């Protein structure tokens, strides 16, 4: 009985009938209670889960497509300072909210304010700001970052003291280098991430393009969907880290409501190491989806189910075909 | 000041532990989540007001069920519904007590459920999340998934059956290991 009415409130008549059945059949009462307990637990857990994820709500514009050549950078630092240099022609302009210390004093920043060399930013929750050149910087909760500028030229230096950093650089802008005491990581026009752990090692993960990981012991170049690790006194080595999982924390909570599948596919490409291949008919197919906080591969599976398509996978390339 | 004010920590401990069980009981009486939540608020206040009457060696869940039953009967009267026969409420109370004694509290059910939900495919989990977490209607969800309402109901029913069976197995396993 619970199962037949759980999706909508019971009527007075149904409740009266339930009362009669409970009074006359103890075995039914036992089954009913078991069902109710499962129903309550399921609802409680799913509500809690839904509270942390975007819902199926309309009226939100789909995200703009980022340029394929844009670069993203993730730095995970746990007790190890990692520095990042960005060839940016302008100061950094804040468009999100961060708690900032300037000369040791709290600074109240508003959208449009400029950060100066020496400013130290703390993120109480995931915080995002946009650089004037169009690049996007995102800090994970609990992260601490020092902004700096080199004495010569316009190169900006970012030193991540703690936490995780995600950086997506606008197309055609400067190169990135990340320095740590164990090695340097240089982006060669790419989307990539870097992580350091408490064991004083640095991991780099590539979304798109190539990254050169260098230490005093050698150099390693990695490409799409690959990761590398540099430990103290060791040459860079390939690492078994999936960039799509490493960068999951930085993914926007996104809802597409009746948007073309092609737009969703573009968003997936901009937020993963995957490449989507589909014909123009499929690209025009309209879909609605709240992107859950699950690996992007599973998001692709759900989309395929929604539009009734099958997918063949070759490495990081997903080829869509209508079933 | 209420004479039981100094028992506040005890009340909070008992109430927090039994909260989900009380909600399940009220839902079993109303079969309406919205009404159950309203009644639950009233019951929560009543439990604190009457906590001075509760004996520390008593069964808090059974005591809370009596309060919830009274509140729900009042709710039925306000709605002009037939109040249940005492045999019905006795059978329901006994079934809840038997379940709690033999299988554990709702906290135990949730622990087993957590184990089972991670084993679901992403699509099936999405269906449950939308139906139970977001309270989507079958009609809305079917349109979203581009499926028929009937087909979605069948799928949801099967998923729920599978989850229910998994929870039963998991709880039985936990009891054997305890």
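Here are the numbers for this structure:
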read-out: Every residue from region B:76-96 that is within 11 Å of chain A (Cβ to nearest Cβ), farther than 20 Å from residue B:170 by Cα and assigned to a helix (DSSP H, G or I); value: B:76, B:79, B:86, B:87, B:88, B:89, B:90, B:91, B:92, B:93, B:94, B:95
read-out: Scope region A:7-40; condition assigned to a loop (DSSP other than H, G, I, E, B) and either within 8 Å of chain B (Cβ to nearest Cβ) or at pLDDT 85 or above (or both); matching residues; value: A:7, A:8, A:9, A:10, A:25
read-out: Any chance residue A:220 is outside the structural domain of residue A:143 (by TED's automatic domain parsing) and either in contact (Cβ under 8 Å) with a residue 12 or more places away in the chain or over 20 Å from the mean Cα position of the chain (by Cα) (or both); value: no
read-out: Only one of B:93, B:133, B:104 that is at pLDDT below 85 and surrounded by 17 or more Cβ atoms within 10 Å (Cβ to Cβ); value: B:133
read-out: Residue B:145 being within 9 Å of chain A (Cβ to nearest Cβ), free of Cβ contacts under 8 Å to residues at least 40 places away in the same chain and surrounded by 14 or more Cβ atoms within 10 Å (Cβ to Cβ); value: yes
read-out: Cβ pairs under 8 Å, 6+ apart, first in region B:107-129 and more than 9 Å from chain A (Cβ to nearest Cβ) and under 15 Å from residue A:293 (Cα atoms), second modelled with pLDDT under 85 and buried (at least 18 other Cβ atoms within 10 Å of the Cβ); value: B:127/B:141; B:127/B:145
read-out: Verdict on residue B:150 being more than 30 Å from residue A:26 (Cβ to Cβ), modelled with pLDDT of 85 or more and more than 9 Å from every other protein chain (Cβ to nearest Cβ); value: yes
read-out: Checking residue B:165 against (1) over 22 Å from the mean Cα position of the chain (by Cα); (2) surrounded by fewer than 20 Cβ atoms within 10 Å (Cβ to Cβ), the condition it does not meet; value: (1)
read-out: Scan of region B:8-36 for residues that are free of Cβ contacts under 8 Å to residues at least 12 places away in the same chain and either under 11 Å from the mean Cα position of the chain (by Cα) or assigned to a helix (DSSP H, G or I) (or both), ordered by number; value: B:8, B:9, B:12, B:13, B:16, B:19, B:27, B:31, B:34
read-out: Of the criteria (1) farther than 30 Å from residue A:13 by Cβ; (2) surrounded by 16 or more Cβ atoms within 10 Å (Cβ to Cβ), which one residue B:31 fails; value: (1)
read-out: Exclusive hit being under 30 Å from residue B:128 (Cα atoms), modelled with pLDDT under 85 and touching a strand residue (DSSP E or B) at 6+ places or on another chain (Cβ under 8 Å), set A:290, A:228, A:270, A:200; value: A:290
read-out: Boolean, residue B:82 is under 24 Å from residue A:25 (Cβ atoms), in the same structural domain as residue B:32 (by TED's automatic domain parsing) and over 21 Å from the mean Cα position of the chain (by Cα); value: yes
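The values are calculated or read from the model by the stated rules, or taken from the named source; none is laboratory data. These numbers come from a predicted model, not from an experiment. Note: ideal-geometry Cβ built from the backbone for every residue, glycine included; neighbour counts use all protein chains shown.
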